[in-house]
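Colleague: Dropping a structure here in structure tokens format, bear with me for questions.
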Amino acid sequence: MTGSRPDAAQQRLRDLALLRRVRDRIDREYAKPLNVEALARAVHMSAGHLSREFRVAYGESPYSYLMTRRIERAMALLRRGDMSVTEVCFAVGCSSLGTFSTRFAELVGMPPSAYRTQQAATGEPGMAPCVEKKVTRPIRNREARPTART
């Protein structure tokens with residue numbers, strides 16, 4: 001007779017493999033229209049179950065992970081300086097400039113237009129892309145240090 005422990009452990013490993021597939025798809029297809037329902041359907045899970053399990057495994061919801069990937073890519077495009085904020089918004093898969101700007105400001109600490117201006121003035125030519133990605137990675141709200149309120 002098989003106990004429920006090995007079955008539960010095997011199921012957890014299967015779920016983690018499916019969650020990795022979802023995360024990899026988000027990383028690959030961040031600029032395409034993606035939603036939690038479609039991501040869940042592709043791995044035969046309900047949207048609610050996918051969201052809960054994804055949050056447990058990766059510390060954030062699939063939507064939040066997707067938006068972080070989009071903002072990271074937007075930061076790189078804005079540093080290049082050859083696209084407008086609106087062009088960048090649509091290039092990374094956002095359909096609303098307002099939502100894009102709000103999320104960008106939440107993660108980066110300034111609006112995309114200010115970021116683009118700042119990067120144009122202080123850009124670091126010759127910085128290795130891997131170093132640049134680490135240095136400029138957006139900080140999620142829960143990772144940010146608390147600030148003193150005045």
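Colleague: Residues 124, 132: which one is at pLDDT below 70, assigned by TED's automatic domain parsing to the domain that holds residue 79, closer than 25 Å to residue 63 by Cα and not aliphatic (A, V, I, L, M)?
Modeller: From the options 124, 132, the qualifying one is 132.
Colleague: Is there any pair linking a residue in the range 43-59 that is at negative phi to one that is exposed (fewer than 15 other Cβ atoms within 10 Å of the Cβ) and assigned to a helix (DSSP H, G or I), with Cβ under 7 Å and at least six apart or on different chains, and which?
Modeller: 43/21; 47/37; 57/16
Colleague: Still on this structure, please answer the following. More than 15 Å from the chain's Cα centre (by Cα) and either assigned by TED's automatic domain parsing to the domain that holds residue 103 or surrounded by 18 or more Cβ atoms within 10 Å (Cβ to Cβ) (or both): which single residue out of 66, 50, 16 fits that description? Can you show your working first?
Modeller: Details: 66 fails: more than 15 Å from the chain's Cα centre (by Cα); 16 fails: either assigned by TED's automatic domain parsing to the domain that holds residue 103 or surrounded by 18 or more Cβ atoms within 10 Å (Cβ to Cβ) (or both).
Residue meeting the stated conditions: 50.
Colleague: If you don't mind, another one. May I ask you to list pairs of residues, at least six apart or on different chains, whose Cβ atoms are under 6 Å apart, with the first in the range 96-111 being of a type in the set (Val, Ile, Thr) and the second being surrounded by fewer than 17 Cβ atoms within 10 Å (Cβ to Cβ) and in a helix (DSSP H, G or I)?
Modeller: That search, which allows pairs on different chains as well, returns nothing.
Colleague: Here are the criteria: (1) surrounded by fewer than 19 Cβ atoms within 10 Å (Cβ to Cβ); (2) closer than 30 Å to residue 13 by Cα. Tell me which single one residue 81 does not satisfy.
Modeller: (2)
Colleague: Same structure again: Within the bounds of the range 2-10, is there any residue that is surrounded by fewer than 15 Cβ atoms within 10 Å (Cβ to Cβ) and within 25 Å of residue 112 (Cβ to Cβ)?
Modeller: no
The values are calculated or read from the model by the stated rules, or taken from the named source; none is laboratory data. This structure is a prediction, so every number in the text was calculated from the model and none was measured. Cβ sites come from the backbone with ideal geometry, for glycine too, and all protein chains shown count toward neighbours.
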